[in-house]
Amino acid sequence: MNVRQTMKARRALTAVVVATGLVLTVAGCGGDGGKKPDAVSSSSPTEGEAEDKPKDEEPEAPEEQVLAEVRGGADNTTLTINTAVRDEGGFLTVSGKVKNGKGGSWNPTPWRGQEKELSGNSASMAGASLVDRSGKKKYLILRDTDGRCLCTQFSGAFRAEEEQTWFAQFPAPPAETAKVDFQIADMPVATIEISDGE
């Protein structure tokens, strides 16, 4: 091979190397906004490797706050209170869950209270009340002009172990009152802490 052919071969090789370098540079910079490309693995994991990798765990639901929980009554009922929020409008809304612990069905008809005005509320939270011990005052559940309570009216009897949510609204105690006693029917008294709504 003479010098001229050698030089031609070198130029051709140099051109190929430069062209390859440019192609790789353009491919590496192509339209990703300067971000590094994601690494791609050409080999798939073996069966054993796939089992060793931790699976994505589902996030745990936040634990529900419990202000008070009482059990009792003739029917072994569980009453849970989750919130007691003082609203700007002068109301206090108490909410939670009630569970039938009786072996058979349970009807909360006695929970409507003894007041004649509340007799049309059937199975409901109408008989609930709050006692402010420091202010020496009892608060009865709010009701409309027809005597319907501002509270949950259950749709009928609870099946065995059935749980339902409930709410009840009362006039709000003074701002300085931080705790009240919640009472309903023959359930034990539940002392709850009041929080202020947003």
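The values are calculated or read from the model by the stated rules, or taken from the named source; none is laboratory data. Keep in mind the model is a prediction, meaning the values are calculated, not measured. Here Cβ is always computed from backbone atoms with ideal geometry, including for glycine, and neighbour counts include all displayed protein chains.
Check Gln169 against each of (1) assigned to a loop (DSSP other than H, G, I, E, B); (2) within 19 Å of Thr191 (Cα to Cα); (3) touching a Leu at 6+ places or on another chain (Cβ under 7 Å) and name the one condition it does not meet.
If we test Gln169 against (1) assigned to a loop (DSSP other than H, G, I, E, B); (2) within 19 Å of Thr191 (Cα to Cα); (3) touching a Leu at 6+ places or on another chain (Cβ under 7 Å), just (1) comes out false.
Go over the candidates Ala168, Ala175 one by one and state the one that is surrounded by 14 or more Cβ atoms within 10 Å (Cβ to Cβ) and under 15 Å from Val85 (Cβ atoms).
Of the residues listed, the single one that is surrounded by 14 or more Cβ atoms within 10 Å (Cβ to Cβ) and under 15 Å from Val85 (Cβ atoms) is Ala168.
Taking the conditions exactly as written (under 26 Å from the mean Cα position of the chain (by Cα) and on the phi > 0 side of the Ramachandran plot), does Glu193 satisfy them or not?
Working: under 26 Å from the mean Cα position of the chain (by Cα): yes; on the phi > 0 side of the Ramachandran plot: no.
Against the criterion (under 26 Å from the mean Cα position of the chain (by Cα) and on the phi > 0 side of the Ramachandran plot), Glu193 does not qualify.
Across segment 104-127, what is the number of residues that are closer than 23 Å to Leu67 by Cα and either modelled with pLDDT of 95 or more or of a type in the set (Ser, Thr, Tyr) (or both)?
Within segment 104-127, residues that are closer than 23 Å to Leu67 by Cα and either modelled with pLDDT of 95 or more or of a type in the set (Ser, Thr, Tyr) (or both) number 1.
Here are some residues: Gly101, Gly156, Gly90. Which one is on the phi > 0 side of the Ramachandran plot and modelled with pLDDT under 90?
Values: Gly101 fails: on the phi > 0 side of the Ramachandran plot; Gly90 fails: modelled with pLDDT under 90.
Checking each option against the conditions leaves just Gly156.
So which residues in segment 77-113 are closer than 22 Å to Pro174 by Cα and of a type in the set (Val, Ile, Thr)?
From segment 77-113, those closer than 22 Å to Pro174 by Cα are 81-95; that's our starting set.
Scanning segment 77-113 gives Ile81, Thr83, Val85, Thr93, Val94.
Just give me the residues in segment 78-117 being more than 29 Å from Asp196 (Cα to Cα) and within 27 Å of the chain's Cα centre (by Cα), in sequence order.
Initial filter on segment 78-117 (more than 29 Å from Asp196 (Cα to Cα)): 100-110, 114-117.
Answer for segment 78-117, where residues must be more than 29 Å from Asp196 (Cα to Cα) and within 27 Å of the chain's Cα centre (by Cα): Asn100, Gly101, Pro108.
Run down Arg143, Arg148, Arg133, Arg112 and say which single residue is in contact with a strand residue (DSSP E or B) (Cβ under 6 Å, 6 or more places away or on another chain), farther than 22 Å from Gly72 by Cα and basic (Lys, Arg).
Numbers: Arg148 fails: in contact with a strand residue (DSSP E or B) (Cβ under 6 Å, 6 or more places away or on another chain); Arg133 fails: in contact with a strand residue (DSSP E or B) (Cβ under 6 Å, 6 or more places away or on another chain); Arg112 fails: farther than 22 Å from Gly72 by Cα.
Checking each option against the conditions leaves just Arg143.
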